[in-house]
């Protein structure tokens with residue numbers, strides 16, 4: 001790997017130990033994956049935030065670092081709403097550790113906003129071809145696929161290293177040759193709304209870590225693409241996908257259908273909605289959760305409209321970033337008047353508060369993948385309207 | 001008998017010396033190793049019950065959660081980390097963990113480590129210049 005004179009100096013410790021370690025991580029990853037050099041990044045998003053995930057081990061490491069990040073840097077969701085943690089059923093001990101983690105990141109100059117959708121936020125919007133170092137799998141998919149910017153799926157320490165150095169190693173999805181489709185997925189039915197999450201949930205299992213090129217009957221919107229990518233990153237390891245004639249790379253490159261092509265039929269999509277998890281036939285849904293990934297303004301407005309003037313009978317979480325919630329107090333107000341909770345900084349997947357429930361209903365293919373394994377809570381899938389109806393049912 | 005130097009690729013820089021501990025299984029530091037004692041606690045692992053403290057740990061590659069990087073850091077702070085590691089092919093979890101914990105890590109030895117190294121062989125790892133030296 002070729003390093004500039006300045007980078008060599010940093011690697012030799014002339015800029016302090018934290019930066020030395022940071023660049024050593026970038027160079028090691030670059031060597032492992034055959035990068036030729038380091039490239040500047042526009043922003044970083046750092047995973048490894050929830051105390052539930054990183055524990056004392058991670059907290060110790062972050063607390064020991066010194067220095068400041070060189071590019072706008074933001075955090076993945078934490079294990080709790082940083083303000084409403086008590087209402088969520090989080091223990092004071094957990095809250096204490098979670099606040100320590102956030103403070104340790106703040107000391108390094110990382111903004112203490114915790115979200116899986118930084119692309120909605122000021123300072124983190126991206127354009128076609130921008131290079132970044134983002135971590136969260138659905139955000140990585142959105143950046144690569146829907147925006148056409150470029151990032152690998154960074155781990156916590158590598159994203160933080162990239163933030164401190166302001167660069168990342170040039171390999172993987174930063175390079176043209178790794179962005180071409182390697183499998184095609186043809187969908188034979190019309191899709192709308194949560195159908196895209198169901199599609200991603202199914203497709204991810206077959207596609208694995210390949211780059212799929214979708215041929216769809218309809219033109220999906222931003223939130224639908226977000227749901228598709230998030231689900232595939234969870235049920236598979238998809239970090240980049242294309243939709244023929246829709247996503248930016250596909251529009252520019254006009255990719256041809258690949259030799260390998262899988263077909264997805266309407267019945268497979270229906271199965272995701274109809275599936276009742278094992279041993280839950282007699283169990284009632286006691287929690288309905290939206291916002292995996294965090295709700296956009298449009299999704300928040302949609303949920304607010306459906307809940308307007310109604311009262312929920314079950315615990316309902318609407319997860320979003322604090323910035324979006326603060327930008328649209330009128331939607332938050334309507335949602336909270338119904339008895340639902342607008343939860344910021346966290347989500348149903350990473351918060352230990354989810355473990356207090358018996359059966360969760362979600363409109364997210366990503367949550368459907370992760371809630372049973374990470375929270376040990378079985379989950380059912382429905383459209384936004386079906387989820388709201390379940391929440392209103394006594 | 002003279003010592004034998006074998007070229008390798010440097011992943012985490014440093015120099016260390018110690019006695020080899022061979023594992024043929026991949027290691028997930030999160031879950032497989034107790035961060036307080038350095039003892040392998042995964043029953044299905046070929047190092048089950050054995051401490052990796054101060055050993056030159058030879059294993060194919062890492063696996064499992066990325067939190068494993070932080071567990072290596074904890075092992076190191078608790079004084080029970082390996083003194084160096086040799087992989088067949090390093091992956092990011094162990095690579096990052098080794099770097100943040102100051103544990104020398106190399107991979108891609110020119111000679112198969114499972115052929116030239118045995119349990120308790122005394123070796124020196126120099127990942128500044130990129131070689132493993134068999135001292136016994």
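The values are calculated or read from the model by the stated rules, or taken from the named source; none is laboratory data. As the structure is a computational prediction, the values presented were derived from the model and not from experiment. Note: ideal-geometry Cβ built from the backbone for every residue, glycine included; neighbour counts use all protein chains shown.
General remarks:
- Among the residues of segment B:8-48, the ones that are within 24 Å of residue A:60 (Cα to Cα), in a loop (DSSP other than H, G, I, E, B) and in contact with a strand residue (DSSP E or B) (Cβ under 6 Å, 6 or more places away or on another chain) come to 1 in all.
- Positions within segment B:82-102 being in a loop (DSSP other than H, G, I, E, B) and within 12 Å of another protein chain (Cβ to nearest Cβ), in sequence order: B:89, B:90, B:91, B:101, B:102
- Residue that is surrounded by the fewest Cβ atoms within 10 Å (Cβ to Cβ), among those in segment A:163-180 that are touching a helix residue (DSSP H, G or I) at 6+ places or on another chain (Cβ under 8 Å) and more than 30 Å from residue A:18 (Cα to Cα): A:180
- Meets criteria (assigned by TED's automatic domain parsing to the domain that holds residue A:377 and either closer than 30 Å to residue A:212 by Cβ or under 21 Å from the mean Cα position of the chain (by Cα) (or both)) for residue A:323: yes
- Selection of segment A:303-331 for residues being farther than 21 Å from residue A:349 by Cβ and part of a helix (DSSP H, G or I) yields A:304, A:305, A:306, A:307, A:326, A:327, A:329, A:330, A:331.
- Tally of residues being over 19 Å from the mean Cα position of the chain (by Cα) and surrounded by fewer than 18 Cβ atoms within 10 Å (Cβ to Cβ) across segment A:360-383: 2
- Screening residue A:319 on (1) at pLDDT 95 or above; (2) more than 15 Å from residue A:120 (Cβ to Cβ); (3) buried (at least 23 other Cβ atoms within 10 Å of the Cβ) shows it passes everything except condition (2).
- Taken over segment A:98-111, residues that are surrounded by 17 or more Cβ atoms within 10 Å (Cβ to Cβ) and in contact with a helix residue (DSSP H, G or I) (Cβ under 8 Å, 6 or more places away or on another chain) amount to 6.
- Checked against the criterion of being in contact with a strand residue (DSSP E or B) (Cβ under 7 Å, 6 or more places away or on another chain), in a loop (DSSP other than H, G, I, E, B) and closer than 18 Å to residue A:370 by Cα, segment A:284-291 contains one or more residues that satisfy it.
- Subset tally (residues that are exposed (fewer than 15 other Cβ atoms within 10 Å of the Cβ) and modelled with pLDDT of 95 or more) for segment B:116-129: 4
- Positions within segment B:58-71 being more than 12 Å from chain A (Cβ to nearest Cβ) and in a loop (DSSP other than H, G, I, E, B), in sequence order: B:60, B:63, B:64
- Condition broken by residue B:115, with the remaining ones in (1) away from chain A (no Cβ under 13 Å); (2) part of a helix (DSSP H, G or I); (3) under 14 Å from the mean Cα position of the chain (by Cα) satisfied: (3)
- Of everything in segment A:129-151 that is at pLDDT 95 or above and part of a loop (DSSP other than H, G, I, E, B), the residue that is nearest to residue A:238 (Cα to Cα) is A:151.
- Residue-level check: of (1) under 14 Å from the mean Cα position of the chain (by Cα); (2) away from chain A (no Cβ under 14 Å); (3) over 27 Å from residue A:27 (Cα atoms), residue B:55 misses just (3).
Condition check ((1) closer than 12 Å to residue A:387 by Cβ; (2) free of Cβ contacts under 8 Å to residues at least 40 places away in the same chain) across all residues:
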{"site": "A:281", "(1), (2)": "no, yes"}
{"site": "A:291", "(1), (2)": "yes, no"}
{"site": "A:302", "(1), (2)": "yes, no"}
{"site": "A:310", "(1), (2)": "no, no"}
{"site": "A:315", "(1), (2)": "no, no"}
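- The residues of segment A:180-210 that are without any contact (Cβ under 8 Å) to a residue 60 or more places away in the chain and either part of a strand (DSSP E or B) or over 25 Å from residue A:120 (Cβ atoms) (or both), listed by number, are A:190, A:205, A:206, A:207, A:208, A:209, A:210.
- For segment A:9-19, filtering for residues that are part of a helix (DSSP H, G or I), touching a helix residue (DSSP H, G or I) at 6+ places or on another chain (Cβ under 7 Å) and within 11 Å of chain B (Cβ to nearest Cβ) leaves 2.
- Any hit, segment A:234-256, residues being more than 14 Å from chain B (Cβ to nearest Cβ), under 22 Å from the mean Cα position of the chain (by Cα) and surrounded by fewer than 16 Cβ atoms within 10 Å (Cβ to Cβ): no
- When residue A:164 is tested against (1) out of contact with any strand residue (DSSP E or B) (no Cβ under 7 Å at 6 or more places or on another chain); (2) more than 24 Å from residue A:369 (Cα to Cα); (3) part of a helix (DSSP H, G or I); (4) away from every other protein chain (no Cβ under 14 Å), only condition (4) is not met.
- Candidates in segment B:118-136 are the residues that are outside any loop (DSSP other than H, G, I, E, B) and out of contact with any helix residue (DSSP H, G or I) (no Cβ under 7 Å at 6 or more places or on another chain); of these, the one that is nearest to residue A:24 (Cα to Cα) is B:126.
- As a summary of the residue check, residue A:91 satisfies the conditions (1) away from chain B (no Cβ under 13 Å); (2) buried (at least 17 other Cβ atoms within 10 Å of the Cβ); (3) at pLDDT 95 or above except for the one numbered (2).
- Among the candidates A:127, A:148, the residue that is surrounded by fewer than 24 Cβ atoms within 10 Å (Cβ to Cβ), more than 18 Å from the chain's Cα centre (by Cα) and away from chain B (no Cβ under 14 Å) is uniquely A:127.
- Evaluated against (1) out of contact with any helix residue (DSSP H, G or I) (no Cβ under 6 Å at 6 or more places or on another chain); (2) within 13 Å of chain B (Cβ to nearest Cβ); (3) assigned to a helix (DSSP H, G or I), residue A:22 falls short on exactly one condition, (1).
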